[in-house]
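Notes follow once the structure below has been shown.
The values are calculated or read from the model by the stated rules, or taken from the named source; none is laboratory data. Bear in mind that the values here come from a model prediction, so they are computed numbers and not experimental data. In this analysis, Cβ positions are derived from the backbone assuming ideal geometry, glycine residues included, and neighbour counts consider all displayed protein chains. Please note that ligands, DNA and RNA were not included when accessible areas were found on the heavy atoms of the full protein model with its side chains. Shrake-Rupley method; radii C 1.70, N 1.55, O 1.52, S 1.80 Å.
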Amino acid sequence: MYTSKNPEYREAREKARSLVKTMTLEEKVIQLTQFMVTENTYNPDHVEEDGEMLAGRCGSLLGATGAELVNKYQRIATECTPKNIPLLVGCDVIHGCCTTMPIPLAQSCTFEPQIVRDCAAVAGKEAKLQGVSWTYAPMVDIARDARWGRVAEGFGEDTHLCTQMAAAAVHGYQDDGGILACMKHYIAYSACEGGKDYYGCEMSDQTLFNTFLPPFKAGIDAGVATFMSSFNDINGVPCSASRKLLWDVLRERLGFEGFVISDYDSVLELIKHGYAEDEKDAVLKGYGAGVDVLMLGNMYNKHIPALVAEGKLTEDQVSESCEKVIAAKYMLGLMDDPYIDTAKLSGTFMTEEYREIARNAARRSFVLLENDGILPLVPDEWTGRKIGLTGPVADDGDTVLGCWAFLKNPAKTVKIKDALEAAYKGSEIIYEKGVSFRDDAPDEEAAIRAMAGCDVIIAAMAEPEWESGEATSKTSLDLPKPQLDYLEKLFALGKPVILLIAAGRPLIMTDLKDRAAAILYIWDAGTECGSAVADVLTGAYNPAGRMTVSFPRRSGQCPVYYNVKSTGRPPVGKLIFESKYRDCEIGALYPFGYGKSYTTFEHTDGAISADSMGQDGSLTVSCTVKNTGSCAGEDVVQLYVRDLIGSITRPVNELKGYKKLFLEPGEEKRVSFEIKASDLAFWNADMEFVTEPGAFKARIAHDSSDDSMEFDFKVTE
Ligand code: BGC
């Protein structure tokens, strides 16, 4: 934990402080500078030669991975620089390192923080052995707009869930994995107008604090070491130059004690924002606001010493930033030994254990959107029959690894085709690709002919991995047109079509929903994609993922999210003059929290322990959950609350809790949720964090649209 509550961190800070006292101003600034070691297309000026390193002009690196390469740089830093201080090595280890885990959005659909922690732990352990000491994860931006491609990298649209996942990820990377985590992108980066990456937003403090800030706070409470300041501006002030956000809120109000790194060039970009005149002014504004470390470039080295000499920045601030960076190096053990023992690396990556964690995470992240009863395809029941397999990712080991998978190993991915052939030994798997999003041109006619002879068709369709992640904003969330056209031909065969959708965001399922026999949303599932798909299709695992983003019916409906504010003209579907679209049904196609199972669950006998509570009080709502189907499975029981009258308009629904439980067929269990009055607090019109007295509704639900079990209660003065 990178907080003074931790004696180890206090000690690291003290050691760092003593060292900083011996350093010149220039040496201190070097610790706040990061260089990139590989060429990059965005800004070729960032290419740094060994010579730069020899001159000892940076405290951290980006783009250096692999034990031997990192050892080389550590040797230069610790043998050839004035104070011999090792380097931090940063890398975007977003969902796995060598073993690729499902994308974070998929992980969130498990509704299990432990899965997120397990994935981060493996990622951290593998990254560490690659010489990486610092990951730029977790991304905890609340994602309400599927046009924004980075929905893939976060934990969905809900603040409560994202907050829990954020803490789990920090523990996984830092406590279990042994590397630094970084909360990003601070803040409201995901609220970009129109879903356009890098764009800014106008946002009230109430929305910022009630919706976007809590996951970041959870990271701090979990002891996170670093934060990343975002590219965007809020209400006209770029976040990488906002003293209010980086200092008053982050340090003073939330008590963050680690250090802040800029996003890639986000300080330099203050010039393009029209917020700074030139590089020097940008440094004054960015560093002055609290961006301790500059991601890439020499600007801090060039300008901070002069700004201190001119009295515009203080050396004390520089010493403090430097102390925090060096303290992290002590905490990581780099100050004692920065080298990776390459002799011990064999057999440490992509182990059976890590693969099992990836497989478990993947199958638990899949969301069954539709099933007319065709699934599961139990192998015994399909002996001697023909299973058609088609589509661009049926035999693919790359796209299914998703965006941001730098150290991926596509050759070691378990492909869907291989896994299904192994799982259905008694059946005939007939594979034809049929359609592609790459340069190859599969024979569509041959594929359709082959599929026509099958008893069932599994169509593995996808959004290409380069269409999700950073800089992948889109105005159409449809599957690529060639795939839609191909699907038409498959549907025309009149065979049951099981759709597998690999994607980094919710795609439009509206016209496919009722024509597919089943739809299993598998996201970008990672290294064990194929095994996880086989687990679910065969019924060896009963899917239990629940959507953590709402699915738009049409792209033009974005942003669509469940916890919207109340309006004076709610879309109840009775009047013309309601808040809705003329050409599209109201609400999400699949709401937040939605997901099917091979069994069914019933919630009955709802009860509430009291009909009111005081400001310090709590009450309990409960119900009986029964597995009413014929196979075992897991239900995600969800608790929502609505604050009926507030001093500002309130969300129509808010997730306040959830429980995932396993039930055998016919088994029932009592589930209860405690609601504390303090859980209902929010930042009000005067920016006070209060639980307002008044009437509330609680729901125990299957998903955010389910209002079948409601309870009324009051909070008193
Ligand atoms: C992204 C960050 C990432 C950084 C370093 C930026 O463009 O916004 O999320 O950590 O690059 O790769």
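Every residue, every condition in (1) open to solvent by 10 Å² or more (accessible area, probe 1.4 Å); (2) closer than 24 Å to THR475 by Cα; (3) of a type in the set (D, E, K, R); (4) in contact with a Ser or Thr (Cβ under 8 Å, 6 or more places away or on another chain), yes or no:
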| residue | (1), (2), (3), (4) |
| --- | --- |
| PRO506 | no, yes, no, yes |
| MET509 | no, yes, no, no |
| ILE519 | no, yes, no, no |
| ALA544 | no, no, no, yes |
| THR548 | no, yes, no, yes |
| GLY556 | yes, yes, no, no |
| PRO559 | yes, yes, no, no |
| GLU578 | yes, no, yes, no |
query = Inside the stretch 661-717, counting only strands (runs of 3 or more DSSP E) that do not spill past its ends, which hold 3 or more residues that are over 27 Å from CYS109 (Cβ atoms)?
reply = 694-701, 710-715
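Here is a yes/no grid of residues against (1) modelled with pLDDT of 95 or more; (2) at positive phi; (3) not polar (S, T, N, Q):
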| residue | (1), (2), (3) |
| --- | --- |
| LYS580 | no, no, yes |
| GLY587 | no, yes, yes |
| GLU602 | yes, no, yes |
| GLY614 | yes, no, yes |
| GLY617 | yes, no, yes |
| ALA632 | yes, no, yes |
| VAL636 | yes, no, yes |
query = Of the residues that make up the stretch 156-170, is at least one closer than 21 Å to MET350 by Cα and either more than 15 Å from the ligand (Cβ to nearest atom) or open to solvent by less than 10 Å² (accessible area, probe 1.4 Å) (or both)?
reply = yes
task = Those residues that are part of a loop (DSSP other than H, G, I, E, B) and open to solvent by 20 Å² or more (accessible area, probe 1.4 Å), I need them from the stretch 213-245; list them, please.
result = ASN235, GLY236
message = Please count how many residues of the stretch 197-210 are out of contact with any Phe, Trp or Tyr (no Cβ under 6 Å at 6 or more places or on another chain) and either among the hydrophobic types (A, V, I, L, M, F, W, C) or away from the ligand (no atom under 14 Å from the Cβ) (or both).
response = 8
request  = Inspect all residues belonging to the stretch 52-63 and state whether any of them is farther than 20 Å from TYR136 by Cα, open to solvent by 20 Å² or more (accessible area, probe 1.4 Å), part of a helix (DSSP H, G or I) and modelled with pLDDT under 85.
outcome  = yes
ask   = Among the candidates ASP511, ASP524, ASP535, which residue alone is closer than 19 Å to TYR598 by Cβ and at pLDDT 95 or above?
value = ASP535
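Residues checked against (1) in contact (Cβ under 8 Å) with a residue 12 or more places away in the chain; (2) surrounded by 24 or more Cβ atoms within 10 Å (Cβ to Cβ); (3) touching a Phe, Trp or Tyr at 6+ places or on another chain (Cβ under 8 Å); (4) closer than 20 Å to GLU470 by Cα:
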residue: MET101; (1), (2), (3), (4): yes, yes, no, yes
residue: ILE115; (1), (2), (3), (4): yes, yes, no, no
residue: ASP118; (1), (2), (3), (4): yes, no, no, no
residue: ALA121; (1), (2), (3), (4): yes, no, yes, no
residue: ALA127; (1), (2), (3), (4): yes, yes, no, no
remark   = The lone condition LEU296 fails out of (1) of a type in the set (A, V, I, L, M, F, W, C); (2) within 16 Å of the ligand (Cβ to nearest atom); (3) modelled with pLDDT of 95 or more is (3)
ask   = Of everything in the stretch 267-291 that's under 28 Å from the mean Cα position of the chain (by Cα) and within 16 Å of the ligand (Cβ to nearest atom), which residue is farthest from THR314 (Cα to Cα)?
value = HIS273
ask   = Does at least one position in the stretch 246-266 carry a residue that is of a type in the set (A, V, I, L, M), more than 16 Å from the ligand (Cβ to nearest atom) and either assigned to a strand (DSSP E or B) or in contact with a Gly (Cβ under 6 Å, 6 or more places away or on another chain) (or both)?
value = yes
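The rows are residues; the columns are (1) surrounded by fewer than 19 Cβ atoms within 10 Å (Cβ to Cβ); (2) modelled with pLDDT of 95 or more; (3) among the polar types (S, T, N, Q).
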position	(1), (2), (3)
SER346	yes, no, yes
ARG355	yes, yes, no
ALA361	no, yes, no
GLU370	no, yes, no
PRO376	no, yes, no
ASP380	yes, yes, no
ARG385	yes, yes, no
VAL393	no, yes, no
ask   = Can you find even one residue in the stretch 223-239 that is of a type in the set (Val, Ile, Thr) and within 14 Å of the ligand (Cβ to nearest atom)?
value = yes
message = Being of a type outside the set (Val, Ile, Thr), assigned to a helix (DSSP H, G or I) and either within 16 Å of the ligand (Cβ to nearest atom) or under 24 Å from VAL37 (Cα atoms) (or both) is true for just one of ALA137, ALA127, ALA143. Which residue is that?
response = ALA127
remark   = Those residues of the stretch 175-212 which are assigned to a loop (DSSP other than H, G, I, E, B) and either open to solvent by 10 Å² or more (accessible area, probe 1.4 Å) or in contact with a Pro (Cβ under 9 Å, 6 or more places away or on another chain) (or both) amount to GLY178, ALA181, LYS196, ASP197, TYR198, TYR199, GLY200, GLU202, MET203, SER204
